[in-house]
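Everything below concerns the one structure shown next.
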Amino acid sequence: MRVKFLMIILLISMILMNGCIEEKIEQEVTTTFATTSTTSITTTTSTIVTTTSPITTTIPITSKLENIGLSEIKIPAVDGEGKGVIINLQVEAIPGHGRALTDIENLLFWVDTQHSIRTARRIACNISQVNISQLDLIYTIYANASIVGGESAGAAITIATIAAIKNKNINKSVIITGRINHDGTIGPVSAIIEKAKAAKEANATLFLVPLLQSREVIYETKEHCERIGWGEFCTREQIPKKINVEDEVGIKVREVGSIREAMGYFFQ
């Protein structure tokens with residue numbers, strides 16, 4: 001009887017212990033599930049935030065680049081028939097990378113003109129003390145295709161470049177002719193009379209020329225005939241004549257030796 005009682009007690013103890021084990025397992029499973037569920041939600045939320053952040057920060061913000069300066073200047077030249085004409089040059093300064101650009105819609109640049117532009121940019125940078133490495137300069141020439149190219153536009157190109165990068169106004173009543181040298185001095189050119197006439201026709205009141213070119217020597221062609229024996233012998237001779245450009249053309253003429261000197265006439 002005692003043995004049966006002990007066996008019953010042992011059986012009841014085993015049943016109770018088994019219930020505790022199952023309950024513990026159930027609690028562990030529930031806890032694990034709850035933890036996993038929470039972790040999953042947290043991870044998902046974190047992923048959404050991480051994904052959203054780059055989209056917000058990488059939206060491009062654009063702004064329109066505005067001109068720093070725009071200048072226009074008239075340049076005297078000579079056409080294929082030797083007649084003086086006026087070329088219109090426009091220089092535009094915009095934010096960029098230090099490039100010299102040309103408008104391909106009005107592409108009319110000769111090799112010597114390109115060299116003048118390179119020299120003009122360098123001189124303009126030195127005189128104005130502006131760092132043009134962050135500027136692009138766009139050069140546009142408006143002219144008839146028959147215009148003869150030359151270096152005589154160098155001084156005018158330099159003045160226009162300075163005006164563009166400094167955003168200055170150019171005195172439209174002044175026109176200049178002359179080469180531009182590496183040190184900013186202005187070199188001699190040809191066809192002063194023809195260019196002076198073109199400047200006057202463009203309503204300019206002052207024509208700037210290189211040193212010693214306000215007076216010119218022109219050669220007039222004359223026929224000389226003399227009788228030799230029973231016949232007559234004729235030759236064509238070149239007779240030199242000194243002329244004052246101002247008196248000959250009727251426009252005020254001033255000589256300038258450098259760009260700095262010319263600036264005093266163009267910039268008020």
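Output the residue which, of all residues in the range 104-120 that are open to solvent by less than 40 Å² (accessible area, probe 1.4 Å) and closer than 17 Å to HIS182 by Cβ, is modelled with the lowest pLDDT.
Looking at residues that are open to solvent by less than 40 Å² (accessible area, probe 1.4 Å) and closer than 17 Å to HIS182 by Cβ, I get THR113.
If you take just the strands (runs of 3 or more DSSP E) that sit entirely in the range 140-252, which of them hold at least 1 residues that are under 28 Å from the mean Cα position of the chain (by Cα)?
Answer list for the range 140-252: 174-176, 206-210.
Which is at negative phi and surrounded by 15 or more Cβ atoms within 10 Å (Cβ to Cβ), of GLU232, GLU226, GLU194, GLU237?
Residue meeting the stated conditions: GLU194.
Just wondering, is there one or more residues in the range 217-227 that are within 22 Å of ILE157 (Cβ to Cβ) and among the acidic types (Asp, Glu)?
No, that holds for no residue.
Any residue in the range 136-158 that is over 12 Å from GLU72 (Cβ atoms) and buried (at least 17 other Cβ atoms within 10 Å of the Cβ) sitting within a Cβ distance under 8 Å of a residue that is modelled with pLDDT of 90 or more and of a type in the set (Asp, Glu)? List the pairs, counting only those 6 or more apart or interchain.
Correct list of pairs: LEU137/GLU92; ILE138/GLU92.
Go through the range 177-191 and report how many residues are touching a Pro at 6+ places or on another chain (Cβ under 8 Å), surrounded by 19 or more Cβ atoms within 10 Å (Cβ to Cβ) and either over 16 Å from ARG254 (Cβ atoms) or among the polar types (S, T, N, Q) (or both).
Looking only at that region, the number is 2.
The values are calculated or read from the model by the stated rules, or taken from the named source; none is laboratory data. Being a predicted model, the structure only gives us computed values, none of them experimental. For neighbour counting, all protein chains shown are included, and Cβ atoms are generated from backbone atoms with ideal geometry for every residue, glycine included. Heavy atoms of the whole protein, side chains included, go into the accessibility calculation; ligands, DNA and RNA do not. Shrake-Rupley method; radii C 1.70, N 1.55, O 1.52, S 1.80 Å.
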